[in-house]
Amino acid sequence: MPLLEIRNLHAKIGDREILRGIDLTVNAGEVHAIMGPNGSGKSTLAQVLSGRDLYEVTEGEVLYDGKNLLEMEPEERAREGIFMAFQYPVEIPGVSNLYFLKAALNAVRKHRGLEEMDAMDFLSFVKQRMQLMEMDQELLNRAVNAGFSGGEKKRNEIFHMAVLEPRLAVLDETDSGLDIDALRIVAGGVNALRSPERAMIVVTHYQRLLNYIVPDVVHVLSEGRIVKSGDKNLALELEESGYAAFEEEEAEALKRA
Amino acid sequence: MSSHTETIERFANQEYKWGFVTDIGTDSVPPGLNEDVIRVISAKKNEPEFMLEWRLKAYRHWLTMKEPEWANVHYPPIDYSAIIYYSAPKMNKDRPKSLDEVDPELLRTYEKLGIPLHERELLAGVAVDAVFDSVSVATTFKEKLASMGIIFCSFSEAVQEHPELVQKYLGTVVPFSDNFYAALNSAVFSDGSFCYVPKGVRCPMELSTYFRINAQNTGQFERTLIIADEGAYVSYLEGCTAPMRDENQLHAAVVELVAHDNATIKYSTVQNWYPGDKEGRGGIYNFVTKRGKCAGANSKISWTQVETGSAITWKYPSCLLIGDNSVGEFYSVALTNNRQQADTGTKMIHIGKNTTSTIVSKGISAGYGQNTYRGMVKILKGATGARNYSQCDSLLLGDKCGAHTFPYLEVKNTSSQVEHEASTSKIGEDQIFYCRQRGLSTEDAVSMIVHGFCKEVFRELPMEFAVEAQKLLGVSLEGSVG
């Protein structure tokens, strides 16, 4: 059974339809890249998977581990192992990163019937995960994302992922706003978390990230549909020809239809 | 969108958990106020002549005064003639010598509140001067404190045992003519706490009083006086919850603090009186005058308050910074939900040279709650080098509540520095969603965000109080890790 199965997914915000029939199957252990121009629906797809209620699903279904994902509340999805690295992580003033993560991890553990982790165990666990992200320990005690630089925020997202150990991670434009060094660190963290049990969906506008996180499958999204899928070479091709080619291709297809 | 609003409403609409009435026979005077009632109160307490004189002067002055109307709060007129001005729990004539002699019903009340005296004594190292209605029924740790020369007792006891100290300090910070409620309190106050820390003594434990309002229709008029002599240090905790009831109850307390040279007084409050029901029926009217006098050089007075209860809160813990280099602080969290109204803040009056004050106010409004910060920073001519920093933040939960800020600045010395920062924010849907995506429920997310908002104030609270405060806001303790 695939970990995630999306069938004919349609979603809109207000009156505007953004996803127009997405079909996507992701198996455990795979890394899928979703690429596409601005406005193609990449971020919407990520948000719908995480349960953001700004979007209304009008058609189709999403099965996660065989269960109907669309019926689940966002926190339930998180506890079931879905993680989203946000494109714009929010700031939560006054709540330390450490405290926040402990509460989150224990919510997840409780859901899975595991014992809650106490302060000492959590601290040593977290320190070990921090090394993955080459993160300064000082960031643990600072309020969640408050006053973090753009790069720090993105690294913090991957650090959250490392602590929460999801089964399906959705990375929403994690590369945007990163310089090359930060990109390398973030990608290093992501690669360290690749495992046969875990799947990842990497949403990105640029091929650049995929030099560091090498995907098993690349999908090109345009106007709310996946217009082409292939291996990592598709991303390189895209880099050369640009998205316009696909848009034209799709326009042709639409004309023919 | 809708699920978010619903949950915030659910969060805001949590029932008041501490409502219950203890049935103890009370020994009350009839409702209404006149000079005879004051004489009865004074006589029942066996007060010296100067006390009666002072009460009567206050009463006569009160008759000339009008209830203040400037506060941003609304309530039906109070019928002062319907209030019972004195009631005491009935007991075997004399006051109990130990807890064994205390009415078991009363002890159970404390247990229901989660503050069993025994445990508090043993575990928290807190000396408890328990005020039940109007008369103190139990005082603990007094002997240990006495060995250090610290006087910590009920106000009535202080009047009997240390009349010279009472006479010297009573009304020196809040004169009976100060305002309508202070005058009323001065005339009829029944009891409260008294503390004197002698020169050079550091009080080894947090001093604590639990105020309770219990007998129906009894306005409670507490009076607290704390004096820290030269170089002394004391931290005082005041906390209260009250039984559920339908009729409004008036509470008009007065707190006076005096800090001499190099002395420090830290005064912390957690206030959780019955706030009224969802429609705003019932609930306590909390009209309190709290003021500290930094009389000596290098003295410091620090107020920290967490105000979550009461139908109406009218309260401005203030500092008179008279001594050179003296320091005044005010840290406040005020939460209003349903129909609660709070008009609270502080006054920092800079008189001495190089005096500094810090104001951190956090207002949280939910439901139809109205939250007003009203603060005054006054820098007098002689206050060379005075500095003030004020920060007033408001957090809104939902869209039917309100936050208001009225900062008053009066600066008469050009060498002073005054800073004021203010912000108003709403708990963002993005913030809540972010938390939920990490596995937290919406309630936990809201609690966490609210707690984060209040953190700077909670930090100022003594540990056991911080826990209680966080419980009151429905939040688990932060900072237990790392």
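Candidates in segment A:159-184 are the residues that are charged (D, E, K, R) and outside any loop (DSSP other than H, G, I, E, B); of these, the one that is farthest from the chain's Cα centre (by Cα) is A:181. Of all residues being out of contact with any Ser or Thr (no Cβ under 9 Å at 6 or more places or on another chain) and not aromatic (Phe, Trp, Tyr) in segment B:418-439, which is farthest from the other protein chains (Cβ to nearest Cβ)? Just the residue, please. So the residue we want is B:426.
Taken over segment A:12-24, the criterion of being on the phi < 0 side of the Ramachandran plot and touching a Lys or Arg at 6+ places or on another chain (Cβ under 9 Å) is satisfied by A:18, A:19, A:20, A:22, A:23, A:24. With respect to the conditions (1) of a type in the set (S, T, N, Q); (2) within 14 Å of chain B (Cβ to nearest Cβ); (3) surrounded by fewer than 17 Cβ atoms within 10 Å (Cβ to Cβ), residue A:25 lacks only one, and its number is (2).
For residues in segment B:261-279 being closer than 24 Å to residue B:301 by Cβ and among the hydroxyl-bearing types (Ser, Thr, Tyr), which is surrounded by the fewest Cβ atoms within 10 Å (Cβ to Cβ)? If we take residues in segment B:261-279 being closer than 24 Å to residue B:301 by Cβ and among the hydroxyl-bearing types (Ser, Thr, Tyr), then B:264 is surrounded by the fewest Cβ atoms within 10 Å (Cβ to Cβ). Selection of strands (runs of 3 or more DSSP E) fully inside segment A:51-158 by the criterion of at least 1 residues being under 30 Å from residue A:15 (Cα atoms) and at the interface with chain B (Cβ under 10 Å from one of its Cβ atoms) returns A:82-85. The single condition from (1) free of Cβ contacts under 8 Å to residues at least 40 places away in the same chain; (2) assigned to a strand (DSSP E or B) that residue A:201 fails is (1). Residues in segment B:301-360 that are in a loop (DSSP other than H, G, I, E, B), under 12 Å from the mean Cα position of the chain (by Cα) and modelled with pLDDT of 95 or more: B:316, B:317. Candidates are the residues of segment A:46-76 that are among the β-branched types (Val, Ile, Thr) and surrounded by fewer than 19 Cβ atoms within 10 Å (Cβ to Cβ); the one that is nearest to residue A:109 (Cα to Cα) is A:57.
Please indicate, with yes or no, whether at least one residue in segment A:224-240 is touching a Gly at 6+ places or on another chain (Cβ under 8 Å) and at pLDDT 90 or above. Looking through segment A:224-240, at least one residue is touching a Gly at 6+ places or on another chain (Cβ under 8 Å) and at pLDDT 90 or above. Would you confirm whether any residue within segment A:30-39 is away from chain B (no Cβ under 14 Å), surrounded by fewer than 23 Cβ atoms within 10 Å (Cβ to Cβ), touching a His at 6+ places or on another chain (Cβ under 6 Å) and not in a helix (DSSP H, G or I)? No; the residues of segment A:30-39 include none that is away from chain B (no Cβ under 14 Å), surrounded by fewer than 23 Cβ atoms within 10 Å (Cβ to Cβ), touching a His at 6+ places or on another chain (Cβ under 6 Å) and not in a helix (DSSP H, G or I). Being farther than 25 Å from residue B:430 by Cβ and more than 9 Å from every other protein chain (Cβ to nearest Cβ) is a property that residue A:14 lacks. Looking only at segment A:11-22, which residues are of a type in the set (Lys, Arg) and either surrounded by 14 or more Cβ atoms within 10 Å (Cβ to Cβ) or under 20 Å from residue A:204 (Cβ atoms) (or both)? Answer for segment A:11-22, where residues must be of a type in the set (Lys, Arg) and either surrounded by 14 or more Cβ atoms within 10 Å (Cβ to Cβ) or under 20 Å from residue A:204 (Cβ atoms) (or both): A:12, A:20. The single condition from (1) closer than 30 Å to residue B:375 by Cβ; (2) modelled with pLDDT under 90; (3) part of a loop (DSSP other than H, G, I, E, B); (4) touching a helix residue (DSSP H, G or I) at 6+ places or on another chain (Cβ under 8 Å) that residue B:8 fails is (3). For segment B:461-478, the condition holds for no residue, the condition being that it is within 11 Å of chain A (Cβ to nearest Cβ), modelled with pLDDT of 85 or more and surrounded by 19 or more Cβ atoms within 10 Å (Cβ to Cβ).
The values are calculated or read from the model by the stated rules, or taken from the named source; none is laboratory data. This structure is a prediction, so every number in the text was calculated from the model and none was measured. A quick note on method: Cβ atoms are made from the backbone with ideal geometry, for glycine too, and the neighbour counts reach across all protein chains shown.
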